[in-house]
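The values are calculated or read from the model by the stated rules, or taken from the named source; none is laboratory data. Since the structure is predicted, the reported quantities are computational estimates derived from the model, not experimental observations. Cβ atoms come from the backbone with ideal geometry, glycine included; neighbour counts cover every protein chain shown. In case anyone asks, the SASA skips ligands and DNA or RNA and just uses the protein heavy atoms, side chains included. Shrake-Rupley method; radii C 1.70, N 1.55, O 1.52, S 1.80 Å.
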Amino acid sequence: MRALVTGAAHGLGRSLIEQLLADGHDVIAVDRDIDPLEELVVSSRGACRAYLVDMANPESISRFFDRTREMTFDLVILNAGISATGKFEDIPSGAYERLIAVNATAPIRLAAQLVGGGQMNPKSRIVFVSSLSHAVGYPGASVYAATKDAIAIYAKSVRKPFKKRGTRVLTVFPGPIRTDHAEKYAPAGAKASKRMDPEKLAAMILKAAKSKSWELWPGTAAQLAKMAASMAPGLTLSAMRKAIFDKLNGPVF
Amino acid sequence: MAKPEPRPHTILVTGATDGIGLWLAKSYAGRGHKVLATGRQAIADDAAFFGASNIAYVRADQSAPDEAATRIAAAMAGLGWQQLDLGILNAGLGWAGDPADEPVAEIERQIAVNFTANVLITKALAPWLFIGKGRLAIIGSTAHTGAKGFATYAATKAAMAGFAKSLRSEWQGRAEVTLVHPGPTRTSMHHKAGLSLGAVRAMFMSTKRAGKSIEKSIRKGDDTRKLSRTFGWRSAMSNPKEFQL
């Protein structure tokens, strides 16, 4: 089996490729910084190949397609993502353009081009990484939340059309993960121990990708938060505001 | 109980050369308000085009989001406005068809116009809205819950719905945010999106009805309002081929 994982150098993506390689799969690892992948590429004896792609740059994505035109995939995990936290009006416009390009435009484009261009094998799987914020909202990261809503609804919209072409869709809605990424954007006083272990989450995603499920809300905390949001959306949103927005020190992007 | 009707003096309507936006611009201007209308076409004579002397026009092509936002802020300053009472983010476009066939350029264009530009315009409007505790009104779509024949369009409308939800919470006490989801409306958007609707179009909401409902939601100070007629956007958009009569 050949898998493609974006945002593979760090965090969740890193855990995903390590587990895929351990299971004996071929991995195409994509990131904007592939130096951290070098050791893995060497030790995998060709099973892991790293590609430098900047998801904020459409031409960089086009070059990736030029180089992989003959390649087909059984599993694609569109994991690359960035954030921007702070008061909405304090974050520069350029950071928003980059955020939307990386979190929304790139995965939508990759999915459409991979499926439409015949690069997905029969009975393949494409995984979108949305966020728990799709259920609960995210004051203090309204544009980040919007990109994750876009991904959730794009994934839902393409389920049937992609399935007709042999590719099933899985959408993951993780809460906070214990990664450097989450650390950077977390509000003051947030406890890292309460965030999900990326290795555990990676295992859950790979297991769900083998099943027939459309969606994965990983962990009890995510499921409880989702339930709270569906029963009392207003209360949940104001709790999110208190937990995040009111504690932000300043913009991080 | 309905909140008392706000009496905005300065109103921005994006995408106001056609459809719902044009109706709203003319309607507010007809009641004596000052309107700044935007669109992507060049208009030589604002007064002649809109048939009103209190509608100013600025060309703001949202496929170039940063430039559009900058031009709108400059136009408000150029008109001598001190604050913005109501900003209606109405401009939008779509592409209809099998999502596996959706061209990259169409994906990029819909996200730029319907999502990125609205975020950057909101950022440009924020200081103008905060002065008089104004209202931002975002025109979403009933497609925001998903539509298989309109996948990227639905995604951009979901983005705006989520954006409105979080922003409303952030802006508590500083500015209001209204989100309206119109159902299928008889505008030129479907034709531009590559969809031939034929006779079904007659069942869609008229532009006037959509416009009036949006005005009502703004007047009442609604948070989120869904406007829909006989059948949902979802059914029309999820099976576009069925509607090529």
Inset, instruction - Spot the failing condition for A:Asp180; the list is (1) more than 11 Å from chain B (Cβ to nearest Cβ); (2) open to solvent by less than 10 Å² (accessible area, probe 1.4 Å), and only one is missed. - result: (2)
Inset, instruction - For residues that are touching a helix residue (DSSP H, G or I) at 6+ places or on another chain (Cβ under 9 Å) and more than 10 Å from chain A (Cβ to nearest Cβ), tally how many sit in the range B:130-153. - result: 9
Legend entry - Residue in the range B:154-188 that is nearest to B:Met205 (Cα to Cα), counting only those that are within 9 Å of chain A (Cβ to nearest Cβ) and of a type in the set (Ser, Thr, Tyr): B:Thr156
Legend entry - Filter result (open to solvent by 20 Å² or more (accessible area, probe 1.4 Å) and within 7 Å of another protein chain (Cβ to nearest Cβ)) within the range B:89-110: B:Asp98, B:Asp101, B:Val104, B:Glu108
Inset, instruction - Go over the candidates A:Ala221, A:Ala188, A:Ala203, A:Ala192 one by one and state the one that is open to solvent by 30 Å² or more (accessible area, probe 1.4 Å), farther than 20 Å from A:Ile82 by Cα and modelled with pLDDT under 90. - result: A:Ala221
Legend entry - Answer residue from the range A:80-124, given it is touching a Phe, Trp or Tyr at 6+ places or on another chain (Cβ under 9 Å) and basic (Lys, Arg) and is surrounded by the most Cβ atoms within 10 Å (Cβ to Cβ) among those: A:Arg98
Inset, instruction - Could you tell me whether B:Asp101 is free of Cβ contacts under 8 Å to residues at least 12 places away in the same chain and over 17 Å from B:Gly21 (Cα atoms)? - result: yes
Legend entry - Residue tally, condition closer than 17 Å to B:Gly15 by Cβ and either open to solvent by 20 Å² or more (accessible area, probe 1.4 Å) or of a type in the set (Gly, Ala, Ser) (or both), over the range B:53-72: 11
Inset, instruction - Filter the range B:157-204 down to the residues that are within 13 Å of A:Thr147 (Cα to Cα) and touching a His at 6+ places or on another chain (Cβ under 9 Å), then identify the one that is surrounded by the fewest Cβ atoms within 10 Å (Cβ to Cβ). - result: B:Ala161
Legend entry - Residues of the range A:140-167 classified as of a type in the set (Phe, Trp, Tyr), under 16 Å from A:Val129 (Cβ atoms) and facing another protein chain (nearest Cβ under 7 Å), total: 1
Legend entry - Which numbered condition A:Leu170 fails, given (1) assigned to a loop (DSSP other than H, G, I, E, B); (2) open to solvent by less than 10 Å² (accessible area, probe 1.4 Å); (3) more than 7 Å from chain B (Cβ to nearest Cβ): (1)
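Yes/no per residue for (1) polar (S, T, N, Q); (2) under 30 Å from A:Ile126 (Cα atoms); (3) more than 17 Å from the chain's Cα centre (by Cα):
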site	(1), (2), (3)
B:Arg59	no, no, no
B:Asp98	no, yes, yes
B:Pro103	no, yes, yes
B:Ala112	no, yes, no
B:Ile121	no, no, no
Inset, instruction - Mind listing just one residue for me: the one in the range A:132-153 that is outside any helix (DSSP H, G or I) and open to solvent by 10 Å² or more (accessible area, probe 1.4 Å) and, of those, modelled with the highest pLDDT? - result: A:Leu132
Legend entry - Residue list for the range A:11-45, filter: within 22 Å of A:Thr72 (Cα to Cα), charged (D, E, K, R) and in a helix (DSSP H, G or I): A:Arg14, A:Glu18
Legend entry - Matching residues in the range A:1-27 - criterion: being open to solvent by less than 60 Å² (accessible area, probe 1.4 Å) and at positive phi: A:Gly7, A:Gly11
Inset, instruction - Collect the residues in the range B:38-70 that are within 14 Å of chain A (Cβ to nearest Cβ) and touching a residue at least 24 places away in the same chain (Cβ under 8 Å), keeping them in residue-number order. - result: B:Gln62, B:Ser63, B:Ala64, B:Pro65, B:Asp66, B:Ala68, B:Ala69, B:Thr70
Legend entry - Residues within the range A:41-73 that are at pLDDT below 95 and open to solvent by less than 90 Å² (accessible area, probe 1.4 Å), tallied: 1
